[in-house]
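Remarks on the structure that follows.
The values are calculated or read from the model by the stated rules, or taken from the named source; none is laboratory data. It should be emphasised that the depicted structure is a prediction, and the values quoted were computed from it without experimental measurement. Glycine gets a Cβ as well: all are built from the backbone with ideal geometry, and neighbour counts include every protein chain shown. We work out accessible area using only protein heavy atoms, side chains counted, and drop any ligands, DNA or RNA first. Shrake-Rupley method; radii C 1.70, N 1.55, O 1.52, S 1.80 Å.
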Amino acid sequence: MKQEMYTTHVQQYDLVAQDNLYNAHFERPNTLELIGDVSGKKVLDLGCGSGLYAQILLARGASAVTCIDASQEMIEIVKDKLGETVSAYAQDLSKGLPEEDDAQYDLVICPLMIHYIQDLRPLFNDVKRVLKAGGEFVFSTHHPFADYECSSSGNYYEKELVKDMWNTIGDPVPVAFYRRSLQDITDAMTESGMAMLALSEGKVNDKIREISEEDYQRLSTFPNFIFIKCFSMK
Ligand SMILES: C[S@@+](CC[C@H](N)C(=O)[O-])C[C@H]1O[C@@H](n2cnc3c(N)ncnc32)[C@H](O)[C@@H]1O
């Protein structure tokens, strides 16, 4: 599914996501907390966007980072920013990871991408396949409770394609994503042979309060994203 936000508006998205409330000050700190120490780790970054995570992980000592995103425009930004320090290519991740060899990564991350994929199984099965034994998979996505507000069926358990307008870059841009149950996510994880190590609904920090008291109050009382860390059982 081509997303205008991540193709036509990539430059603005990259600029905004570096320091905005929801990505930079809420999503990234919570995902990075689950990721933990990356020194010496070989990392695969799925739905890498403009490489904001890759940049941080390299600075924190990751031994190698491979970036994959459906958007060729995002991959060009990653290459412009990070050059030879990363390997980066464009691919639709709903098809899994056909270019990647078995058991080669210590860590796979996938921040804010899985809601764009209808069936998680091909991707999660391949994440498990490319992880070394005991390797970790950390991802974040829309909280199923929050997305239930967008349900047109009223059936929490029914997967639905939601069409919305987001103001992320300052102007409204159409987006489409899948709303799913928590069970749909955890089934894809456990059926692939991965087990959960941690689940977080996100901590809210003082920086968020400095930026917006209203968002601070909302994020302190209503879930927005969910953060999951699992590992490959062999
Ligand atoms: C919200 S952005 C997150 C970017 C990055 N992970 C971050 O947190 O900074 C979502 C990214 O997922 C990518 N994406 C969406 N659908 C995809 C798919 N089917 N396969 C691969 N990437 C996809 C988009 O192009 C976009 O770069």
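Some observations on this one:
- Within the chain, 110, 150, 230 have no other Cys Cβ under 4.7 Å of their Cβ and so lack a disulfide-compatible partner by this rule.
- For the pair segment 64-131 and segment 183-228, the centres of their Cα atoms are 22 angstrom apart.
- Among 110-122, 149-161, 2-14, sorting by the average number of other beta carbon atoms lying within 10 angstrom of each residue, highest first, gives 110-122, 2-14, 149-161.
- Residues of segment 120-150 with an amide N closer than 13 Å to a point placed 7 Å from the Cα of residue 103 along the Cα-to-Cβ direction: 129-135.
- Average accessible surface for segment 1-138: 40 Å² per residue, computed with a 1.4 Å probe over protein heavy atoms with every protein chain in place.
- Solvent accessible area, Å² - residue 94, 1.4 Å probe, full protein context: 40 Å²
- A full extension of the chain between residue 95 and residue 21 corresponds to an added length of 23.5 nm, given 0.36 nm per residue minus the alpha carbon distance.
- As a fraction of the 1.4 Å probe accessible area of segment 131-183, surface on carbon and sulfur atoms comes out at 51 percent.
- Against the rule of thumb 2.2 N^0.38 Å, how large the Cα Rg of segment 1-53 comes out: 1.28
- The simple Förster model, with R0 at 25 Å and r as the Cβ-Cβ distance, assigns residue 200 and residue 121 a FRET efficiency of 0.60.
- Counting protein heavy atoms only, segment 82-129 has 45 percent of its accessible area on carbon and sulfur, 1.4 angstrom probe.
- Set of segment 6-50 residues, backbone N closer than 20 Å to the point 7 Å along the Cα-Cβ line of residue 63: 35-46
- Taking a ≥ b ≥ c as the square roots of the Cα gyration tensor eigenvalues, segment 170-234 comes out oblate, since a/c reaches at least 1.5 and a/b does not exceed b/c.
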